[in-house]
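This is the structure, below, for whatever I ask next.
The values are calculated or read from the model by the stated rules, or taken from the named source; none is laboratory data. Note that the coordinates shown come from a computational prediction; the quantities given were computed from them, not determined experimentally. Neighbour counts are summed over all protein chains in view; Cβ atoms, including those assigned to glycine, are modelled from backbone coordinates with ideal geometry. Keep in mind that these areas ignore ligands, DNA and RNA; they rest on the heavy atoms of the full protein, side chains included. Shrake-Rupley method; radii C 1.70, N 1.55, O 1.52, S 1.80 Å.
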Amino acid sequence: MSTAAALDYEAAMRLAVEHADLVKGATYPNPPVGAVILDSAGRVVGVGGTGPAGSAHAEVVALRRAGSLAAGGTAVVTLEPCNHHGKTPPCVDALLDARIVSVVYAVADPNPVAAGGAARLAAAGVRVVHGVEADLVAAGPLREWLHKQRTGLPHVTWKYATSIDGRSAAADGSSQWISSEAARADLHRRRAAADAIVVGTGTVLADDPALTARLADGSLAERQPLRVVVGKREIPSEAQVLNDDSRTMVIRTHDPAEVLKALSDRTDVLLEGGPTLAGAFLRAGAIDRILAYVAPILLGGPITAVDDVGVPSIARALKWRYDGIERVGPDLLLSLVPR
Ligand SMILES: NC(=O)c1ccc[n+]([C@@H]2O[C@H](COP(=O)([O-])OP(=O)(O)OC[C@H]3O[C@@H](n4cnc5c(N)ncnc54)[C@H](OP(=O)(O)O)[C@@H]3O)[C@@H](O)[C@H]2O)c1
């Protein structure tokens with residue numbers, strides 16, 4: 001593969017991010033990394049993303065595609081190339097064997113076992129540039145994995161659909177569907193990349209959701225997240241969440257910390273519960289990102305998107321900041337992180 005135009009490092013990194021996004025959700029326990037190989041003239045000669053666990057890392061996938069055109073070229077990678085022998089040999093060896101002369105990466109590997117790749121490359125005479133589009137990568141494909149490395153806990157995204165007046169259901173409890181078909185398709189893509197979807201028993205009893213990731217034609221996506229139901233009430237055996245489309249874990253607790261502990265082997269968790277569970281997670285400081293699909297409708301009534309979050313007065317409001325605002329069909333998708 002070869003494209004005529006030469007890419008600068010930033011543009012090549014953005015292409016690497018696209019390839020990382022394509023493998024997001026399918027690489028556990030490895031991080032979803034993207035890589036681009038530029039030949040000596042700066043033209044793209046190979047691209048790739050990390051394969052499923054135990055298979056090739058992104059650099060190796062991209063190098064294979066580049067073949068002999070990699071020699072004398074540059075590897076542009078979203079994460080510092082690894083320097084350790086896990087299920088596959090170190091990426092640093094593959095880069096040196098391919099006679100890459102420059103390595104550009106966005107984010108340093110915080111994992112002490114795998115780190116040291118940049119230093120070894122530099123010691124071998126390779127020119128190393130780091131920090132290119134680092135914010136884009138850290139807030140994008142590597143967000144959840146970096147959080148897990150830092151905290152040891154899964155990254156929790158609270159997703160909800162709301163009317164512009166902050167209601168998550170109409171007065172009779174019906175909430176399907178507040179958001180548009182386009183917003184739901186966007187959510188299903190995110191579900192397919194997540195490791196687990198968490199709801200409370202209240203949502204199961206009210207809506208009987210299947211909590212699967214589905215494609216536009218309604219069929220099941222290849223990869224299904226674990227479904228998790230939190231609460232002490234029994235759920236009916238015929239509930240869709242117990243069907244054979246994916247695995248389901250029922251956690252009989254009201255404590256968000258126990259939920260996170262039960263999911264400690266996961267990285268990317270989507271909280272899709274109703275106002276009770278969302279309030280409990282917010283009070284516990286257990287939400288790392290909010291994704292709100294805001295539909296241009298008004299519902300009024302008593303069912304708000306979130307119950308008590310432990311804020312007695314305006315001065316104690318939980319403070320978040322927008323890190324993304326996009327239109328999804330007729331709706332807005334607001335992305336927020338703690339301030
Ligand atoms: N618009 C949206 O995005 C959206 C998303 C989900 C749901 N909804 C709507 O939300 C409504 C259901 O709300 P909901 O609040 O009942 O759903 P929920 O938050 O999913 O479930 C509530 C249940 O979770 C359990 N629970 C877990 N931790 C708890 C804690 N710390 N404190 C108290 N209970 C805890 C309790 O079950 P036990 O009593 O069994 O212990 C509680 O009854 C429905 O109308 C649904 O349509 C809307």
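Using helices alone, I'd like the mean residue ellipticity at 222 nm for the chain: each DSSP H run of four-plus residues gives -39500 (n - 2.57), total over residue count, nearest 500.
On the way: 10 runs with 89 residues, N = 339.
When only DSSP H runs of four or more count, the value is -7500 deg cm²/dmol.
Can you give the convex hull volume per residue for the Cα atoms of region 44-202, as a whole number of Å³?
152
Once amide H atoms are built 1.01 Å from N in the peptide plane, which residues 5 or more positions from V230, or in another chain, come under 5 Å H to H?
V199, G200, T201, I251
Let me ask something else. Ordered by residue, what ³J(HN,Hα) values in Hz, to whole numbers, does region 22-36 give under the Karplus form 6.51 cos²θ - 1.76 cosθ + 1.60, where θ = phi - 60° and Gly and Pro are x?
Once rounded to whole Hz, the list reads 5, 9, 4, x, 10, 10, 3, x, 6, x, x, 10, x, 9, 10.
Would you mind checking which residues have amide H under 5 Å from V128's amide H? H placed 1.01 Å from N; only 5 or more apart, or other chain.
V103
Oh, and also: Taking the Cα-to-Cβ direction at E222 and at N243 and moving 7 Å from each Cα, how far apart do the two end points lie in nm?
2.2
Using a 1.4 Å probe on the protein heavy atoms, what percent of the accessible area of region 89-180 belongs to carbon and sulfur?
On the way: 2150 of 3960 Å².
Accessible surface attributable to carbon and sulfur in region 89-180 totals 54 percent.
Report the per residue volume, in Å³, of the convex hull enclosing the C-alpha atoms of the chain. Please list the in-between numbers first.
Details: hull volume 50.4 nm³, N = 339.
Value for the chain: 149 Å³ per residue.
If you restrict to DSSP beta bridges whose two residues both lie in the chain, what percentage is antiparallel, to the nearest 5? Mind dumping the intermediate values first?
Values: 25 of 57 bridges.
Looking only at bridges with both residues in the chain, the antiparallel portion is about 45 percent.
In addition: Tabulate in residue order the Karplus-calculated ³J(HN,Hα) for region 228-244, using 6.51 cos²θ - 1.76 cosθ + 1.60 with θ = phi - 60°, rounded to whole Hz; enter x for Gly and Pro.
In residue order, the calculated couplings are 10, 10, 10, x, 9, 6, 6, 10, x, 5, 8, 4, 4, 5, 9, 6, 7 Hz.
Too long at a 21 Å Cα-Cα cut-off: which of K232/K261; K148/K232; K87/K261; K24/K148; K24/K261; K24/K319? Intermediate values should be presented prior to the final figure.
On the way: K232/K261 17 Å; K148/K232 28 Å; K87/K261 26 Å; K24/K148 15 Å; K24/K261 23 Å; K24/K319 29 Å.
Beyond 21 Å between Cα atoms: K148/K232; K87/K261; K24/K261; K24/K319.
Roughly how many Å² is the accessible area per residue of the chain, as a whole number, for a 1.4 Å probe?
Values: 15540 Å² over 339 residues.
Using a 1.4 Å probe on heavy atoms only, each residue of the chain averages 46 Å².
Compute the separation of the alpha-carbon centres of region 129-183 and region 270-339 and state it in Å as a whole number.
Going from one Cα centre to the other spans 10 Å.
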